[in-house]
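Visitor: First, the structure itself, so that you have it in front of you.
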Amino acid sequence: MSEKKLKFNSKTIHGGQKPDKAYGAYGAVMPPIYQTSTYAQTTPGGHKGFEYSRSGNPTRAALESSFASIESGNYGLAFASGLAAMDAVIKLLNPGDEVVSTNDLYGGSYRIFKQIFEKYGIVFHFVDMQDVSEIENKVNPNTKLIWVETPTNPMMNIIDIKAVSNLAKRNDILLAVDNTFATPYLQRPLEIGADIVMHSATKYLGGHSDVVLGALIVKDKDLADRLYFIQNASGAVCGPMDSFLTLRGIKTLHLRMQRHCENGKVIAEYLKQHPKIEKVYWPGFEEHPNHAIAREQMHDFGGMISFTPKVGTFEEAVRIVEQLQIFTLAESLGGVESLAGHPASMTHASIPKEEREKSGVVDSLIRLSVGIEDASDLIADLEQAIE
Ligand SMILES: *Cc1c(COP(=O)(O)O)cnc(C)c1O
C-alpha cells in the first residue's frame, strides 16, 4: 500500500520508516541511531548514499521522511532548532527583499527577523494578519515572503491560511507557515496552499521536552533543493540521537494531541466561568473572533490557552504562576506535562513593551500549555493558585 494513502494516524507511525532497509541486516523496527560523522568509501566518491553527516545521516533522513509524510509534503529537512530552520528560510532572500509577518509572533522569530537579518538589508513588516487586507497593504514588488504563525503566540488569534495563500499566489510570493502550535494533527498548511511549513519540533512533535529540533517541509523540488543547499552550506543540522527522539515522539503525536485538545477544552471552560478571571483566549470558544476560520481550517482547537486575572497586574500574574504546583513554570510548550508561562517576562521579553501591548500581550497575561495529565488534577491546581 502506498504510504501516501495512509491515514494521518498511521503516517505518524510508519511515515518514511521502513523496517531496516538501509538500517542493516537485522530488521530493526526503529531506525538505529547512526552516531557517526562519516562513512567508508570503496573508491573516491564510492559511497552508499551518505558521505558526511552534515550533508546527510540515515537517522536524520528517516526523520526528514517522517516530517514530509505527516505534513503532506514531498521533502523534509531537519535542523538543530526551530530557529535554525527559520534561519534557512530567510537565507533564501536577498538584500532589499521584504517580508510580511504577523505582529503577534513568537518572540524568537521576531528577534531573528529584527536583530539578525534586518542588518543584511532585508525589510520586515509586522501586521495584524486577522485582516488579510493589512497584508495586502504592505505587498510590493520587493515582497518575497509572507511568514504566518497560527494560532498566534500567545494571543491565540487564527489567521486564514487559504486567504493568505491566495494573496501570496496572486503576487508570486512564498508563503511559510510556522505550524508549531497546531501540528499536522490539527492543520496541514501545504494542503491549503502554503509553500513551506516550519516547526519547532522541540514542542509537540518531539512532545516530551527532551529535545531541541527544527523542521521544514515543502512540496516543490526546486525549493527543497535550495533549502537543502542552505542546510548543508550553513550547517545547522541536528544530531542522530535528537533525530531518533523526535521520531519516537511523532509516533504518539495523534494520541497526545487528542488528549491535549480534550484537556484544553475542559480548562478553557473552567477558566471562562471563574469569577477571578478576566479574559480567556482559546480558539474553541464560539465568541472567539476567528472561531469560524478555526473551525474551517483546524481539526480541533488544541491545548494552548492564555488568560488574564481580574487583578490585572504583573504581580498577580507572577503570584499565580509561582503558586502552581502541577503546572511547571517554564519556557516552551507542547510536552506531555503541563507548563505555565508569563510571556511579558519570559517568551516575549525580547519584544519591546509598546509593541507587545499593541497585540494584547499585557503584563498580567498567563499562557498555559495544557498537558495530558488528568484534567481534574489540573483544575484543582489552577483553583488553588487563583484563589
Ligand atoms: C519555540 C518556537 C520557535 C523556536 O523554536 P526552537 O526550537 O526553540 O528554536 C518558533 N516558533 C514557535 C511558534 C515556537 O513556539
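Visitor: Near Lys272, which aspartates and glutamates are there with a Cα under 12 Å away, not counting those fewer than 8 places off in the same chain?
Guide: Answer for Lys272, where 12 Å is the Cα cut-off: Glu287, listed by chain and number.
Visitor: For the chain, what does -39500 (n - 2.57) per DSSP helix run (n ≥ 4), summed and divided by total residues, give at 222 nm, in deg cm²/dmol to the nearest 500?
Guide: -10000 deg cm²/dmol
Visitor: Could you state the number of Å between the C-alpha centres of the stretch 340-369 and the stretch 40-111?
Guide: The two parts, judged by their Cα centres, are 29 Å apart.
Visitor: Continuing with this model, one more query. Mind checking which aspartates and glutamates have their Cα closer than 15 Å to the Cα of Lys221? Skip sequence neighbours fewer than 8 apart in that chain.
Guide: Output for Lys221: Glu64, Asp195.
Visitor: Calculate the FRET efficiency for Phe314 and Ser350 from the Cβ-Cβ distance with a Förster distance of 25 Å, rounded to the nearest 0.05.
Guide: 0.90
Visitor: Gln384 to Lys279: FRET efficiency via 1/(1 + (r/R0)^6), r the Cβ-Cβ distance, R0 25 Å, to the nearest 0.05?
Guide: So the FRET efficiency works out to roughly 0.75.
Visitor: Using label points projected 7 Å from each Cα along Cα→Cβ, tell me how many nm separate Gln35 and Asp210, to one decimal.
Guide: The two pseudo-label positions are separated by 1.4 nm.
Visitor: Taking the alpha-carbon distance from Lys353 and a cut-off under 19 Å, which lysines remain once sequence neighbours fewer than 8 residues away in the same chain are dropped?
Guide: Lys114
Visitor: Please list, in chain and number order, the residues 5+ apart from Glu149 or on another chain whose amide H is under 5 Å from its amide H, with Hs placed from the backbone.
Guide: The list, which skips near neighbours in sequence, is Thr102, Asp178.
Visitor: Moving to a separate point now. Taking a 29 Å limit on the Cα-Cα distance, which of the listed pairs Lys5/Lys91; Lys265/Lys358; Lys251/Lys358; Lys162/Lys358; Lys18/Lys169; Lys203/Lys265 fall beyond it?
Guide: The answer is Lys5/Lys91; Lys251/Lys358; Lys18/Lys169.
Visitor: While we're looking at this one, here's another question. Evaluate E = 1/(1 + (r/R0)^6) for Gln115 and Ala330, where r is the Cβ-Cβ distance and R0 equals 25 Å; express this FRET efficiency to the nearest 0.05.
Guide: Once the sixth-power term is evaluated, E becomes 0.55.
Visitor: How compact is the stretch 254-386 by the rule of thumb for globular proteins, expressed as Cα Rg over 2.2 N^0.38 Å?
Guide: For the stretch 254-386, the normalised Cα radius of gyration comes out at 1.00.
Visitor: Could I ask something else about it? Please quote Rg/Rh for the chain to two decimal places, taking the Kirkwood radius as Rh and restricting both calculations to Cα atoms.
Guide: 0.98
Visitor: I've got another one for you. Given the options Ile90, Ile250, Ile305, state which has the largest fluctuation in a GNM of the chain using a 10 Å cut-off (strictly under) for Cα springs.
Guide: Ile90
Visitor: Over the stretch 3-250, calculate the relative contact order: mean separation of alpha carbon pairs under 8 Å at least 6 apart, over the residue count, as a percent.
Guide: Taking the mean separation of contacting Cα pairs over the length of the stretch 3-250, I get 24 percent.
All of the numbers you see were taken from the coordinates with simple rules; none came from a lab. Everything numeric here is computed off the predicted structure, so don't read it as measured data. Cβ atoms come from the backbone with ideal geometry, glycine included; neighbour counts cover every protein chain shown.
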